[in-house]
Structure formats: C-alpha cells, structure tokens
Protein chains: 2
Amino acid sequence: MINPFDDTYFMKKALQEAELAFDKNEVPVGAVIVMNNQIIARAHNLTETLNDVTAHAEMQAFTAAADFLGGKYLKECTLYVTLEPCQMCAGASYWTQIGKIVYGATEVKRGFTVLKTTLHPKTIVVGGILENECSALLTRFFIEKRNLN
Amino acid sequence: MINPFDDTYFMKKALQEAELAFDKNEVPVGAVIVMNNQIIARAHNLTETLNDVTAHAEMQAFTAAADFLGGKYLKECTLYVTLEPCQMCAGASYWTQIGKIVYGATEVKRGFTVLKTTLHPKTIVVGGILENECSALLTRFFIEKRNLN
C-alpha cells in the first residue's frame, strides 16, 4: 500500500504556509509540525508583521505544537520547514527534543549546518525535500523586493 | 562623578527577575534590556508556566524590547542576563543585532561559548558580572528541587 503521508506531502503543506508569508510581504518560510501523520501546528514567518526577529516559522510552530500537546517536548513529532533552520531555531529544536527535522532549501550562510549548531542527539535530519520549489519561492520574493526598491 | 548605572547595577535588576522565576518554581534566570541607562524590558524564565521551551528570559526580553522601541533591532541596547545564553537565545541575539550582552553565571554545558554559536559581529560580550550571586540562586534552586523529589 502506498503511504500518501510522506515527506513530500507534508513539505507541500509547509510550502502553503510559506506562500501565506509571501502574500504578507514576509520572507516566505513556512513550517508544519506533524505527529502520527496529523498536522498539529502550522506557522509562517511573521518577523515584519509582529516586528519581532524571533517570530520565525519554526519558533511559532514549536510553541503551538507544545500548546496543542499540553507537554513541552516534541519527541514523537517531525518539523517540516521550507528553509533550513537558523541557529536560533535549531537551538530551540534542541530544547524541544524533536524527533525529526525535514527541511527544503539549504541556507548556506545562516543555516544551522554551516554554523554547526548542536541538535538534540535523538533528532534525525533530512534536507532537500522539494528544495527547488522552496528555493524558487524565496528567490521570487527577493527579486520582487529588489525590483520594488 | 560616579556613574551608578554600571553593569553591576543592571545585573542586580536581572537577578530580581531571576528571583521571580525562582518563586514560580522556574529555573531562576532573569534578564533586563537597557537603552540609555533605562530598562526597556524585563523578563524571567517561564518555560514551565507557559509549557514552552522557547520561553527563556532572553527571548521574552528581545520581543518586549522590540515592541517597546517599535523597531526590530536592538543595536543601541544591552542585554543583562543572569546565566550565559544558550544557542537559541544567542542565535536570537544575532538577529536583533544587539549592541552588548552582559551575563552573570557561565553555562558550561549548554552556553553559547562552549557550543560556539555565532553572535552578530557588532555584539560586545561581557561575562561574570555578579557571577557568584547568579550561580548561587541556580544552585539553591536545584538543591531544593532534588530534596523535594
């Protein structure tokens, strides 16, 4: 039997969140958190709207997922995020003890990989899911931004 | 003329915040953010109360300070925090471009120094202000916690 709930399926959901960010003139990054094939949190970057550099999609998703579960830890959960998490978000993921992180586009300058942020030892990482689609949305955002200024 | 508003003065204010955390059975870490010798944000760890591992004192203080200023960046500000920031909080400080971070006790396992988190290049760091007082409060918390369990 084919499982429709694979990493690509949930990354598409994260991309839909990123598109919501795009429509708000936010850097288009989206995230969902999944447990047992169920989305328990959805979020997109709101740093401009909230005037708050900590309002990355992942941070909001961690808070929302913990609130939904009524527990601080996300050991049985997977974070899907369209852009590789930064130090702050990867550092937050350490505290959540999240089971798995799946990201789309690679963040070559400020991503946790290049900056060697320590993840929780039990966190599995998968990168590059729908990478082209996730990257294309970011590229389109920055091109439109540049053309407007 | 003696300046009463030195690092020790503001660290005492951060310690008062840590004591508020202690009274709520939270790991006692407190923070204040200062601009032009004025405290513009106060916060203490609320991870248990809010059921949210991202609710470190520093994260809340960054959000509150940006809200107070009406701008995302804290270039002219100093963060005073009783315990050395973790990766998440140091990573957040990068995005705020904060001018200076002053911390009390060293966090030898999860602190940003040992984990080599990248700070903003313009952020000045001073550690060890009221280190003994900041450490003593944390030690007292963990001893009481252990004796209760």
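At what distance in nm do the modelled label points of A:LYS24 and B:ASN51 sit from each other, each positioned 7 Å from its Cα along Cα→Cβ?
It works out to 2.3 nm between the two label points.
Work out the FRET efficiency for B:GLN16 and A:GLU76 from their Cβ-Cβ distance, taking R0 = 25 Å, and round it to the nearest 0.05.
It comes to 0.05.
If you take the square roots of the eigenvalues of the alpha-carbon gyration tensor of segment A:7-141 and sort them as a ≥ b ≥ c, do you get rounded (a/c under 1.5), prolate (a/b over b/c) or oblate?
rounded
Please name which of B:ALA18, B:PRO121, B:LEU50 has its Cα lying farthest along the dipole of chain B towards the positive end, using unit charges on Cβ (Lys, Arg +1; Asp, Glu -1) and the Cα centre as origin.
Value computed over the given set: B:PRO121.
How big is the charge dipole of segment B:7-141 about its Cα centre, in debye rounded to the nearest 20, if each Lys and Arg gets +1 on its Cβ and each Asp and Glu gets -1 on its Cβ?
Around 380 debye, computed over segment B:7-141.
For segment B:33-142, which GluC sites (Glu not before Pro) are both in a DSSP coil and crowded by at most 15 other Cβ atoms within 10 Å?
B:GLU48, B:GLU76
Out of segment B:109-149, which trypsin sites (Lys or Arg not before Pro) are coil in DSSP terms and have no more than 11 other C-beta atoms within 10 Å?
For trypsin sites (Lys or Arg not before Pro) across segment B:109-149 that sit outside H, G, I, E and B with at most 11 neighbouring Cβ atoms in 10 Å, the list reads B:LYS109, B:LYS122.
Taking every residue in B:90-102, how many Cβ atoms of other protein chains lie within 10 Å of its Cβ, on average?
4
For A:ASN147 and B:GLU144, FRET efficiency with R0 = 51 Å and r from the beta-carbon atoms, rounded to 0.05?
The computed FRET efficiency comes out at 0.30.
Gaussian network model of chain A, Cα springs within a sub-10 Å range: biggest mean-square fluctuation belongs to which of A:ALA14, A:ALA43, A:ALA92?
Looking only at A:ALA14, A:ALA43, A:ALA92, the largest GNM fluctuation is found for A:ALA92.
For B:62-74, what's the mean count of beta carbons from other chains sitting within 10 Å of each residue's beta carbon?
Taking all residues of B:62-74 together, the mean is 3.
Order the peptides A:67-73, A:84-90, A:98-104 from the highest to the lowest mean number of other Cβ atoms within 10 Å of their residues.
Descending mean neighbour count gives A:84-90, A:98-104, A:67-73.
Since every read-out is calculated from the coordinates, none of them should be taken as a lab result. Everything numeric here is computed off the predicted structure, so don't read it as measured data. Backbone-built Cβ (ideal geometry, glycine too); neighbour counts: all protein chains shown.
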